[in-house]
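Data first, discussion second: the structure below is written as structure tokens.
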Amino acid sequence: MSGPLSEPLSVPGSAPPPRTVHTHCPYCALQCGTRLGHALGEVTVTPSAFPVNQGGLCQKGWTAPEVLSTADRLREPLVRGADGRLAPAGWDAALDLVAGRLREIRRAHGPDAVGVFGGGGLTNEKAYLLGKFARLALRTSRIDYNGRFCMSSAAAASNAAFGVDRGLPFPVTDLGRADVVLLAGANPAETMPPLMRHLDRAALIVLDPRRTPTAERAAVHLRPAPGTDLALALGLLQLTVLDGRLDHAFVRERTNGFEAAWQRALPWTPERTERVTGVPVAAQREAVRMLADARRAYVLTGRGAEQHSKGADTVSAFVNLALALGLPGRDGSGYGCLTGQGNGQGGRELGQKADQLPGYRMIDDPAAREHMAAVWGVEAAALPGAGPSAYELLDSLGTAGGPRALLVFGSNPVVSAPNAGHVTERLAALDLLVVADFVPSETARMADVVLPVAQWAEEEGTLTNLEGRVLRRRALLAPPPGVRGDLEVLRGLAVRLGEPAERYPVEPREVFEELRRATAGGRADYSGVSYERLDAGEALHWPCPVVPSGPAHPGTPRLFLDGFAHPDGRARFVPVEHRDAAELPGRDLPLYATTGRVLAHYQSGAQTRRVAGLTAVEPEPFVEIHPDAARRAGVTAGGLARVVSARGAVVARVRLVESLRTDTVFLPFHFPGDGRANLLTGGALDPRSGMPEFKVSAVRVEPVDVVPGGAVSV
Amino acid sequence: MKRILVVGNGLAAHRLTARLAALGHDGPVTVLGAEPHPAYQRTLLGSVLGGDVPASALTLSAPPPGVRVLTGVRVVAIDRARRVVRCADGTRYGYDTLVLATGARPTGDVHTLADAARPVRGRVAVVGGGVLGVETATALRRRGHRVVLAHGGPHPMHRHLDEVAGQLVAARLESWGIELRLGGYVPASGTLGADTVLRCTGTVPETAAAREAGLAVRHASGSIVVDERLRTNDSSIRAIGACAGTPDLAGALAQAETLATLLTGGDTRYAPLPPILRPRVPGLDIASLGASGPSGAPDEVVTFSDPARGRYARIEIRDERISRAVLVGLPEGTAAVAQLSDTGRPVPEDRLALLLGGRTKAPGDDPAAMADETVLCHCNNVSKGTVVRAWQHGARDLAALAATTRATTGCGGCTAAVRAVCAALPVPEEVG
């Protein structure tokens, strides 16, 4: 099944790779602890007793080693030749070509004609060095990453309310003591199964239009119509007050701004909330009662609440609810966001976001610019300013004033970006597309230059999981011959662009040491964290500042117990109002389409679609639809359907789901080609966060005529 | 610059001025409110009466900068020729566009914030068992008052609820300790033995000045006639909310938003949602749709009656759509029916699931009866057959089963099912 990895190749001059290592799963933000070893020529994985997974692992994690030796693993740089085909090239030739073209494009069009697109799966070291490379070597403001599609709404809301954004401001294990947990648009039973081990004690309130496996375990399942979570949160706030469940003392002593937020909730009577959301008054009331009566309760949001053109306001509304109930900043209660990607947390605070410098410093803050310029040894004035958000960046590619070249690291926007048909056109309009990846992803296949890079079990580094805990990734293997680490790629390009080599270390530990200095004093302060402390088994959650003398800082597992991160120590209610989705179903497009994940796949599927055991479970795109809606559309279980939006069409296998709303269809977004769910989604963005509206598109469903012989007429 | 004058200072007027500002209207906007308070959320008066929140909690946000709000100013006349309104205190205000958002006037005792906040003593008689009367009686009862509800009809809300539904509501009110006097006539206050009498006999649209000025009003209800652009028969006068016959909060807010778009140069139309009567009675779900609309022979009538549990529904369906419905004690059904009515979507085939919310069948999870290919552990895609085979090959406890099959190693949620499957297996002979 897997390739010949029994003889790991050693890098000259380095120690031979170990026989077993303790590391973490390559996939989601839970970062389950695993032990890797060798048996019978294959890499083996066993879950460890790490606190977040407690010996558990889902099928993705168990089968992750297969991706290391996947048959089409990229093993040498590829350059598109005059014949239009990608052909093998040497590293020097490939990097020379890229650097040369980048210099030309920059000379002709200026530094912002080169863009960088990063990923939430990159290690902290890579995310940091990528941001530094963009700002110093390329001098471009055009850098953003796929985490914009993931964490940005919750990040905006958390920063506004608490003055800092850490997915869970408490350890995951705290959830195990909760009496009640409200999950707004989160489906951990499928997206991060081992998390459910911490939720088996609590009574769950699940908000989701679909009856997901998580909703199956709920004490109360609220099924708001797609795009109405914000109205529901406003309604729950009103009921909290009307039913006498407002935590007056907490609101008075630890928060600001309740009045304005409450006034926005005033029109949301339970009855009007019911009419707009479809959530019964009795269920709203029960949810509020459960949360208020619990001794320990949490409000958690996921992508279902966040991936809207009003995602940040929606999260703010749920944070307001949590504050009204007095949950945040108390041991055993709180608000949190279930971060999605493996390094979704570290990836968003170390400098690959368009508006941020490392340490969660804002790029338009003069003090932050001075600090970073000093660490990097440049003038603050030389640092570019804030650039556009991810979708805006992709939308501008190849247009007048937009980038002519794009470097992609750890992302597959052809599949994962919204309005994927349009994004693919924009990528095709570039003069130069460079993709660093370890498999020929759909985006890599479009590239002019493909750079093969190492993956999880072949590299050292750190990631920061959903609870803000910094974790060590450790190498079991050396990368296959011909494959380089991303850090090496960045140095190779930087040097060719005229940068001093020492600015771009290739040793992760060395990058981390610089990252510590860079984040010192920032909101996400890693300066007290070191490889030595992590390797000694310390559980370090940021902020963990360096202490000049005396005992080291123990890290901060629980934020806000003494105060929130605003200067006055108080949390802020943020007044928000409900608004409709950018697009509503109508006559021609009568149904809501909502997109999401399945258990067997991760993100764009570039990795998991290469694992036999996972594709056996979910081999192809599908659309879930209520039997009534299917009958009206003329599609049948197991047949093919075409799902059509104003932007594109998807062909998918029909699954009838009785528990689904009759007005809603669901499609997973992990599949390529004409099965890309993101061919349907649009480019409407949240004005606060830049988050696209993945969760609401207006669509119709039609049968696909299958002609004899199996060909599909589209 | 176009001067907009808004008469009325309720939620609709409040939303209108907020939306005008958001949409960039830059002319002067003046709001005239008859009550002395700043704008407040009138729909929640019952919560003040019930003692759930203080009156001050109902105050809406301050108007946007530049909007002038004058309170305690009652408009008594509209001079359409001069485009001026005259107030009871003699002041006059000119307009280019006049928006009437005057709401509805009570024919009874409880309508303003001041009324709701006034202390109520001892045993209370609520006269009138329509929506307002039922809401008021239950709010007072919630606050601990002894309450008698007197109603001329055969049961509460008899104009909106049929006999079965009305009896269920009556029974529920009585179970909460509200004394009911029903039928035939409304007794004189003196015969009710109450310390306080509150008349809740309904509301009428507040349109006296509009009528006086010659604006067209509906004969039956007295509400101002408006078109889909919310224009009265005088194109410089618009009307929104209860004074224009809009029955509920949702409609009034939608009208305010439509009008703001129109007044800032946008092109849109107001499309009313089908009216739904949904009284605010915490703990009892009551809904009535289409009771006052035109009747016609339905294609199908669905009835569900479960009086012992206080549940009842009667739904009339025409052309696969709901034309009328009465529901009591069915919270899921009430929410679902309202959404179907608002969106004009067809009724689901499974009528019972519609009323009861989701599944009506219990999932079959008897492990012995499960097919071998049934997936027990979704996290690792382990079927019952795989678990059974592992057990038969000697993996006789959870740890051994997990090691062989990976079942239970994901979220752990299938642990009980895996145990149950194994417990149901016959013990092999060599062991027994």
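The values are calculated or read from the model by the stated rules, or taken from the named source; none is laboratory data. The structure displayed is predicted, hence computed values, not measured ones. We place every Cβ from the backbone using ideal geometry, glycine too, and count neighbours over all the protein chains shown. Heavy atoms of the whole protein, side chains included, go into the accessibility calculation; ligands, DNA and RNA do not. Shrake-Rupley method; radii C 1.70, N 1.55, O 1.52, S 1.80 Å.
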Just the residues that are under 24 Å from A:LEU561 (Cα atoms) and open to solvent by 10 Å² or more (accessible area, probe 1.4 Å), please, taken from the stretch A:292-328. A:ALA292, A:ASP293, A:ALA294, A:ARG295, A:ARG296, A:LEU325
When residues of the stretch A:229-250 are filtered for being more than 10 Å from every other protein chain (Cβ to nearest Cβ) and surrounded by 21 or more Cβ atoms within 10 Å (Cβ to Cβ), how many remain? 10
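What number of residues within the stretch A:581-600 satisfy the criterion of being in a loop (DSSP other than H, G, I, E, B) and either crowded, with 24+ Cβ neighbours inside 10 Å or free of Cβ contacts under 8 Å to residues at least 24 places away in the same chain (or both)? Let's see the steps before the verdict.
So the first thing to find is which residues in the stretch A:581-600 are in a loop (DSSP other than H, G, I, E, B), and the list is A:581-590, A:597-600.
Okay, now just the ones that are also either crowded, with 24+ Cβ neighbours inside 10 Å or free of Cβ contacts under 8 Å to residues at least 24 places away in the same chain (or both), so A:587, A:599-600.
The qualifying residues number 3.
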Within the stretch A:490-507, track down each residue that is assigned to a helix (DSSP H, G or I) and either in contact with a Pro (Cβ under 8 Å, 6 or more places away or on another chain) or closer than 13 Å to A:LEU130 by Cα (or both). A:LEU490, A:ARG491, A:GLY492, A:LEU493, A:ALA494, A:ARG503
Within the stretch A:329-371, restricting to residues that are aliphatic (A, V, I, L, M) and in a loop (DSSP other than H, G, I, E, B), the one that is surrounded by the fewest Cβ atoms within 10 Å (Cβ to Cβ) is A:ILE363
If you take the residues of the stretch B:233-290 that are β-branched (Val, Ile, Thr) and open to solvent by less than 10 Å² (accessible area, probe 1.4 Å), which of them is farthest from B:LEU140 (Cα to Cα)? B:ILE237
Can you go through A:GLU425, A:GLU392 and tell me which one is without any contact (Cβ under 8 Å) to a residue 40 or more places away in the chain and open to solvent by 20 Å² or more (accessible area, probe 1.4 Å)? A:GLU425
A:VAL574 being outside the structural domain of A:ASP313 (by TED's automatic domain parsing), open to solvent by less than 10 Å² (accessible area, probe 1.4 Å) and among the hydrophobic types (A, V, I, L, M, F, W, C): no
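Among the residues in the stretch A:542-553, are any under 27 Å from A:LEU321 (Cα atoms) and open to solvent by less than 70 Å² (accessible area, probe 1.4 Å)? So that I can check it myself, show each step before the final result.
Pass one, the stretch A:542-553, residues under 27 Å from A:LEU321 (Cα atoms): A:542-543.
Cutting the leftovers down to open to solvent by less than 70 Å² (accessible area, probe 1.4 Å) gives us A:542-543.
Looking through the stretch A:542-553, at least one residue is under 27 Å from A:LEU321 (Cα atoms) and open to solvent by less than 70 Å² (accessible area, probe 1.4 Å).
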With the requirement that a residue be open to solvent by 20 Å² or more (accessible area, probe 1.4 Å) and within 14 Å of another protein chain (Cβ to nearest Cβ), what does the stretch A:654-692 give you? A:LEU656, A:VAL657, A:GLU658, A:SER659, A:ARG661, A:THR662, A:PRO687
Candidate set from the stretch B:257-296 (those that are farther than 30 Å from B:THR97 by Cβ and over 14 Å from the mean Cα position of the chain (by Cα)); member that is nearest to the other protein chains (Cβ to nearest Cβ): B:GLY290
Output the qualifying pairs, or none if there are none: Cβ atoms under 8 angstrom, residues six or more apart or on different chains, first residue in the stretch A:124-135 and over 16 Å from A:LEU406 (Cβ atoms), second residue among the acidic types (Asp, Glu). A:LYS126/A:ASP486; A:TYR128/A:GLU514; A:LEU129/A:ASP486
Filtered residue count, the stretch A:384-414, keeping only those that are at positive phi and touching a Phe, Trp or Tyr at 6+ places or on another chain (Cβ under 9 Å): 1
Which ranges mark the strands (runs of 3 or more DSSP E) fully within the stretch A:70-135 that have 2 or more residues being open to solvent by 20 Å² or more (accessible area, probe 1.4 Å)? A:78-80, A:86-88
Mind counting the residues in the stretch B:45-94 that are assigned to a loop (DSSP other than H, G, I, E, B), more than 32 Å from the chain's Cα centre (by Cα) and in contact (Cβ under 8 Å) with a residue 40 or more places away in the chain? 3
Could you check A:GLN263 against (1) touching a helix residue (DSSP H, G or I) at 6+ places or on another chain (Cβ under 8 Å); (2) within 30 Å of B:LEU340 (Cα to Cα) and say which number it fails? (1)
Tell me the residue from B:LEU60, B:LEU44 that is within 13 Å of another protein chain (Cβ to nearest Cβ), over 21 Å from B:ALA208 (Cβ atoms) and at pLDDT 95 or above, please. B:LEU60
Would you check which residues across the stretch A:33-69 are in a strand (DSSP E or B) and either surrounded by fewer than 20 Cβ atoms within 10 Å (Cβ to Cβ) or within 14 Å of chain B (Cβ to nearest Cβ) (or both) and list them? A:GLY33, A:THR34, A:ARG35, A:GLY37, A:HIS38, A:ALA39, A:GLU42, A:THR44, A:VAL45, A:THR46, A:PRO47
Looking at (1) aliphatic (A, V, I, L, M); (2) more than 25 Å from the chain's Cα centre (by Cα); (3) within 12 Å of another protein chain (Cβ to nearest Cβ); (4) assigned to a loop (DSSP other than H, G, I, E, B), find the lone condition where B:ALA399 falls short. (4)
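For (1) closer than 26 Å to B:PRO54 by Cβ; (2) surrounded by 15 or more Cβ atoms within 10 Å (Cβ to Cβ); (3) of a type in the set (D, E, K, R), each residue gets a yes or a no:
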site: B:CYS87; (1), (2), (3): no, yes, no
site: B:ARG92; (1), (2), (3): no, no, yes
site: B:TYR95; (1), (2), (3): no, yes, no
site: B:ALA101; (1), (2), (3): yes, yes, no
site: B:ARG105; (1), (2), (3): yes, yes, yes
site: B:GLY108; (1), (2), (3): yes, yes, no
site: B:ALA114; (1), (2), (3): yes, no, no
Elements of type strands (runs of 3 or more DSSP E) contained in the stretch B:298-389, each with 3 or more residues being within 21 Å of A:PRO280 (Cα to Cα): B:300-306, B:311-318, B:321-328
Quick check on this structure: which one of B:ALA55, B:ALA21 is within 14 Å of chain A (Cβ to nearest Cβ) and at pLDDT 95 or above? B:ALA21
Search the stretch A:353-380 for residues that are within 11 Å of A:LYS132 (Cβ to Cβ) and pair each with any residue that is of a type in the set (S, T, N, Q) and buried (at least 20 other Cβ atoms within 10 Å of the Cβ) when their beta-carbon atoms are under 7 Å apart and the residues are at least 6 apart or on different chains. A:PRO358/A:THR519
Within the stretch A:508-541, how many residues are among the hydrophobic types (A, V, I, L, M, F, W, C), assigned to a loop (DSSP other than H, G, I, E, B) and surrounded by fewer than 20 Cβ atoms within 10 Å (Cβ to Cβ)? 3
Could you please find all residues in the stretch A:377-386 being of a type in the set (A, V, I, L, M, F, W, C) and open to solvent by 10 Å² or more (accessible area, probe 1.4 Å)? A:VAL378, A:ALA380, A:ALA381, A:ALA382, A:ALA386
Condition first: open to solvent by 10 Å² or more (accessible area, probe 1.4 Å) and more than 8 Å from every other protein chain (Cβ to nearest Cβ). Now tell me which residues in the stretch A:617-628 satisfy that. A:GLU618, A:PRO619, A:GLU620, A:PRO621, A:GLU624
Hey, any hits in the stretch B:244-254 for a residue that's within 30 Å of B:HIS158 (Cβ to Cβ), modelled with pLDDT under 90 and part of a loop (DSSP other than H, G, I, E, B)? yes
The stretch A:157-204, residues that are crowded, with 23+ Cβ neighbours inside 10 Å, farther than 21 Å from A:ASP331 by Cβ and away from chain B (no Cβ under 14 Å): A:ALA157, A:ALA184, A:GLY185
